[in-house]
Each structure stands twice: as C-alpha cells, then as structure tokens.
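The values are calculated or read from the model by the stated rules, or taken from the named source; none is laboratory data. Being a predicted model, the structure only gives us computed values, none of them experimental. Glycine gets a Cβ as well: all are built from the backbone with ideal geometry, and neighbour counts include every protein chain shown. Surface areas here come from the heavy atoms of the whole protein model, side chains and all, with no ligands, DNA or RNA. Shrake-Rupley method; radii C 1.70, N 1.55, O 1.52, S 1.80 Å.
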Amino acid sequence: MVGGGVELIAGVRRDPQLGPMLLLGAGGVLAELTDDTAIRLLPITRADAEEMVAELAISKLLAGYRGAAPHDVPALVDAVMALGQLAASLGDRLSEAEINPLFVMPEDEGVVAADGLVILT
C-alpha cells in the first residue's frame, strides 16, 4: 500500500556474548535475495548510522540513481538512531526487533514502517 519508497530492513538482535547488534540492509524481498547489509554493535552514533547507510549498495538508489529523485536519507538515519534508542531503553528485556520493510520515501517525506516485530524476554 506504500509506494514511491525504497525498501530497507532495520533490526536489533541481542547476542549472548556481544550484546545488542543493529542491522540495516536492503529490505522486502531483496532482504532474502541479496547480501546487502551493514551491522554495528550498539550503542551507535549518528556518524555510525550514516556510515551504515553509505556502506549499502542500495544507498545508490537512495541518492537518486540514474537521475531518479533522491530519498529521505536523514529520516532513515533518524529511524536507525531511534531503533538503537529503543534497544537501549529496553535493555536486557529486548530479544529482537525488526522493521521490514522500512520504506524510505522521497526527499523530505520521511520513512514509513510497513511491518514490525518486537520480541521481549
């Protein structure tokens, strides 16, 4: 029902040894077809979130590949930071959280979480 956006996946999983880890990658059906992901241990800084976006091959679509309009990367970075804050606020209670797809809309139109899951322990 959401159109005009680029689909990404954003998620957090708690590793027993390392703690919470944040994943950002190509979403929707591309999450299953490609290996286009960036992972960081939490907590992250805004610069870390921006680096995660830049590492993705799909970031070319976000920037306006082949003359297409650019998408709202600052809103995506805000969403990644908010997911990290959610993980921090829930602490050890959070087992995992995922937003897939997370639509990054055209520039200045934000992001739309179309589906999400949070599992608490």
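Below is a table of values for the structure above.
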| read-out | value |
| --- | --- |
| Met52 being assigned to a strand (DSSP E or B) and in contact with a strand residue (DSSP E or B) (Cβ under 6 Å, 6 or more places away or on another chain) | no |
| Test: residue in the stretch 104-118 that is within 13 Å of the chain's Cα centre (by Cα), over 24 Å from Thr45 (Cβ atoms), part of a strand (DSSP E or B) and not polar (S, T, N, Q) | yes |
| Identity of the residue in the stretch 59-84, free of Cβ contacts under 8 Å to residues at least 60 places away in the same chain and either open to solvent by less than 10 Å² (accessible area, probe 1.4 Å) or acidic (Asp, Glu) (or both), that ends up nearest to Ala26 (Cα to Cα) | Leu62 |
| When residues of the stretch 59-78 are limited to those that are of a type in the set (A, V, I, L, M) and touching a helix residue (DSSP H, G or I) at 6+ places or on another chain (Cβ under 9 Å), the one farthest from Asp48 (Cα to Cα) | Ala68 |
| From the options Val53, Val111, Val77, residue that is closer than 26 Å to Arg14 by Cβ, at pLDDT 95 or above and in contact with a Phe, Trp or Tyr (Cβ under 9 Å, 6 or more places away or on another chain) | Val111 |
| All positions within the stretch 9-35 that are touching a helix residue (DSSP H, G or I) at 6+ places or on another chain (Cβ under 7 Å) and either more than 20 Å from Leu117 (Cα to Cα) or of a type in the set (A, V, I, L, M) (or both) | Ile9, Ala10, Val12, Leu22, Leu24 |
| Looking only at the stretch 10-46, and only at residues there that are assigned to a strand (DSSP E or B) and touching a Pro at 6+ places or on another chain (Cβ under 7 Å), the one that is surrounded by the most Cβ atoms within 10 Å (Cβ to Cβ) | Val12 |
| Of the criteria (1) crowded, with 18+ Cβ neighbours inside 10 Å; (2) over 13 Å from Met21 (Cα atoms); (3) among the small types (Gly, Ala, Ser), which one Ala97 fails | (2) |
| Residues of the stretch 85-100 that turn out to be closer than 21 Å to Asp48 by Cα and touching a strand residue (DSSP E or B) at 6+ places or on another chain (Cβ under 6 Å), as a count | 6 |
| Boolean, Gly91 is over 20 Å from Leu30 (Cβ atoms), small (Gly, Ala, Ser), surrounded by 14 or more Cβ atoms within 10 Å (Cβ to Cβ) and without any contact (Cβ under 8 Å) to a residue 40 or more places away in the chain | no |
